[in-house]
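What follows is calculated from the coordinates using simple rules that are stated; it is not laboratory data. All of these numbers come straight from a predicted model, not from anything done at the bench. Here the Cβ is made from the backbone with ideal geometry for all residues, glycine too, and neighbour counts use every protein chain on show.
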Amino acid sequence: MNNWTRKDFLKASLVGGGAALVAGSSRLHAQAPAAARSGSANGGIRVGVVGLNQQGNGHMMNYVPNGRGKVAGAILAAVCDCDSAVLAKRKGEAEKTGNIKVAGYTDYRKMLEDKNVDAVVIATPNHQHSLMAIWALQAGKDVYVEKPLSHNVWEGRQVVEASKKYSKNIIFAGTQNRSSEDIAEAIAYVRSGKLGKIKYARGLCYKQRDSIGKTTGDQKVPESINYDLWTGPADMVQPHRNSPKYGPVHYDWHWFWNYGGGDITNQGIHQMDVARWFLGEKGLPPSVMSFGGRFGYLDDAETPNTLVSVFNYAAAPLIFEVRGLPQKTGMRAMDALRGTRVGVIVQCENGYVTISEAGTCNIFDNDNKRLSQLNKNTLGAHRPNFVKAMNARKVTIGDVTECHYSSALCHLGNVSYLVGAEKTNAALAEAIKANEVTKETFGRVLEHLKANDVNTGTTKTVVGPLLAIDAKTETFVGSDKTIVAAANKSALLKREGRGAFKIPVMQSGAVARS
Ligand SMILES: NC(=O)c1ccc[n+]([C@@H]2O[C@H](COP(=O)([O-])OP(=O)(O)OC[C@H]3O[C@@H](n4cnc5c(N)ncnc54)[C@H](O)[C@@H]3O)[C@@H](O)[C@H]2O)c1
């Protein structure tokens, strides 16, 4: 396998401008206390942000004096985007707002060579996260990596192993619900046993998603974008999308398997993380099964806009529902289940907890009487918590292994869908009739599709197999060799990368569970 080691990285850096020493010295910086390694005039940790279009713009401004949500103790030193138009715009905005000078890069590897950068924030598309995080650790930088941690299960595991290997550096995961004091308190409440045992945890992503339109063939990449860098470890293919809002490259990659995983992996990862956190399950489940489809419109996108994934954890099942279609045809509003659209419902024997997208927790008894509300809403503390972790040289929240497992759940749910086959809804109803929670969920899915004028009598649904998972090796196992082989071949389980963008292999032998 042709993977980059840290030695290769330093060698390549040397070829690329004598920067081996730079990367080496930066690593020394990273190991020293934050105050000592800070080289900026105001004593802040020097941050480089990569991927500036939308989410990265918010991150960038967090480190700019006078910027929105400025985080104390850190300052923007560099920005990077492989779209030179985005780079020029954001660099200009940062410099103007903060009255500062920042370095600008189109090639992330060059930003990693910059000895004035102590830490990087990765806000590029999902398919870049793992590779960029590992490279940053190898270059001696601290890392904030946006969710999901990975495009596929295997590369996420490589990041976890890299975090152990380069443990002097901080790696902080962008699943911001982990900074919610309300959720932590609600979990403590449930664990105290006051509501009895958990019967199931349900993640919901009812988020309206329009058609992205339909193109007739390969679309031209804008000249401002270095498409080789943008594609990175993904397969090199021309874009087949061109929505008026995002054009052929940005954002809509979420709906293509080569880069994203649909809304379960996009928005849903947050709620998946909260649901798994409630269950207290630290690892992958023994099995997964999904069903769904892309209903209501014909467009370029590949990922389902309707998906149910059931993860059979020992503690209790975790059921995840994605809906991209509105309440009914012609409406913009989304359905709500127990007042929750994008959120989590944890059903216990004697009551339930709802957790909203903003992190507000409501605790009810089974007669729907609210027992308590927790709404300190501290999700916004996540980015300051990154700076705190860097100063403390220790991650207590934002743990990358936790983010790996929650990201992996999204990928596993999608793999079951991808190796599934189209079936009639009558056949699906028959297949799941023994499982009360799945049956009830499917009943609501059918009602929702009917409200959106989908003919559920004739339209087929993709039904994935129940796939057994070996949590130790993080692969699929089972007696149906054909299905297991197909699932294990999925790029959402493992993809090694491409050319100069191969994922460094960090794992030696069997997966060490942490
Ligand atoms: N935590 C949250 O709540 C939250 C919210 C929104 C987005 N996100 C995450 O942030 C990430 C970015 O989302 P977005 O909506 O801004 O996407 P986007 O497609 O709008 O922007 C991504 C940017 O990254 C740049 N980029 C791509 N590859 C690059 C490379 N190799 N080097 C340098 N720049 C590169 C692109 O040119 C683009 O400007 C996603 O992974 C998303 O999941 C997180």
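Viscosity 1.002 mPa s, temperature 20 °C: what is the translational diffusion coefficient of region 215-275 from Stokes-Einstein with a Kirkwood Rh over Cα pairs, rounded to a whole number of µm²/s?
In µm²/s, the coefficient is 167.
How many nm separate the modelled label positions at ASN226 and THR473, each set 7 Å beyond the Cα in the direction of the Cβ?
The answer from the label model is 3.9 nm.
Loop only per DSSP, at most 10 neighbouring Cβ atoms within 10 Å: give me the trypsin sites (Lys or Arg not before Pro) in region 355-437, ordered by residue number.
Those satisfying the criteria are LYS369, LYS394.
Count the net charge of all other residues whose Cβ sits under 12 Å from the Cβ of LYS376, scoring Lys and Arg as +1 and Asp and Glu as -1.
-3
Would region 285-377 count as rounded, prolate or oblate if I go by the C-alpha gyration tensor, calling it rounded below 1.5 in a/c and otherwise prolate when a/b exceeds b/c, oblate otherwise?
Note, shape of region 285-377 comes out oblate.
Run the reach check for LYS376 against aspartates and glutamates, Cα to Cα strictly under 17 Å, same-chain hits fewer than 8 apart removed. What comes back?
GLU181, ASP182, GLU185, GLU357
So what's the net charge close to GLU349: Lys and Arg +1, Asp and Glu -1, counting the other residues with Cβ under 9 Å from its Cβ?
Local net charge: +2.
Within the set LYS101/LYS394; LYS89/LYS168; LYS423/LYS489; LYS110/LYS388, which residue pairs have Cα atoms separated by over 25 Å?
Too far apart for the 25 Å limit: LYS101/LYS394; LYS89/LYS168; LYS110/LYS388.
Taking the alpha-carbon distance from LYS328 and a cut-off under 15 Å, which aspartates and glutamates remain once sequence neighbours fewer than 8 residues away in the same chain are dropped?
Correct list for LYS328: ASP210, GLU447, ASP453.
Can you grab the distance from the C-alpha centre of region 440-454 to the C-alpha centre of region 307-354, Å, no decimals?
The two parts, judged by their Cα centres, are 13 Å apart.
What does the C-alpha gyration tensor say about the overall shape of region 222-333? Classify as rounded when a/c is under 1.5, otherwise prolate if a/b is larger than b/c, or oblate.
oblate
What's the angle, to the nearest 10 degrees (0 to 90), between helix 268-279's Cα axis and the longest principal axis of the chain?
It works out to around 70 degrees.
If you add up the charges near ALA85, with Lys and Arg at +1 and Asp and Glu at -1, over every other residue whose beta carbon is less than 12 angstrom from its beta carbon, what do you get?
Net charge around ALA85: 0.
How much of the DSSP bridge set in the chain is antiparallel, in percent, rounded to the nearest 5?
Here the antiparallel bridges make up roughly 65 percent for the chain.
Could you calculate the FRET efficiency of LYS439 with LYS214 from 1/(1 + (r/R0)^6), where r is the beta carbon distance between them and R0 is 45 Å, rounded to 0.05?
Once the sixth-power term is evaluated, E becomes 0.85.
Which lysines have a Cα lying under 21 Å from the Cα of LYS197, excluding residues fewer than 8 positions away in the same chain?
Of all the lysines, those that pass the test against LYS197 - Cα under 21 Å, at least 8 places apart if same chain - are LYS282, LYS369.
Under the rule that an exposed site lies in a DSSP loop and has at most 13 other Cβ atoms within 10 Å, name the longest stretch of the chain with no GluC sites (Glu not before Pro) of that kind, not counting the sites themselves.
Result for the longest clean stretch: 1-222.
Pick out, from ALA429, SER416, PHE501, the residue whose Cα sits farthest towards the positive end of the charge dipole of region 386-514, with +1 on the Cβ of Lys and Arg and -1 on the Cβ of Asp and Glu.
Going by the charge dipole, the pick is PHE501.
Give the separation of the Cα centroids, region 90-130 to region 362-417, in Å.
26 Å
Using unit Cβ charges (K, R positive; D, E negative) and no other charged atoms, how large, in debye to the nearest 20, is the dipole of region 41-91 about its Cα centre?
140 debye
Looking at the square roots a ≥ b ≥ c of the eigenvalues of the Cα gyration tensor of region 157-239, which shape do they give, rounded for a/c under 1.5, prolate if a/b is larger than b/c, or oblate?
oblate
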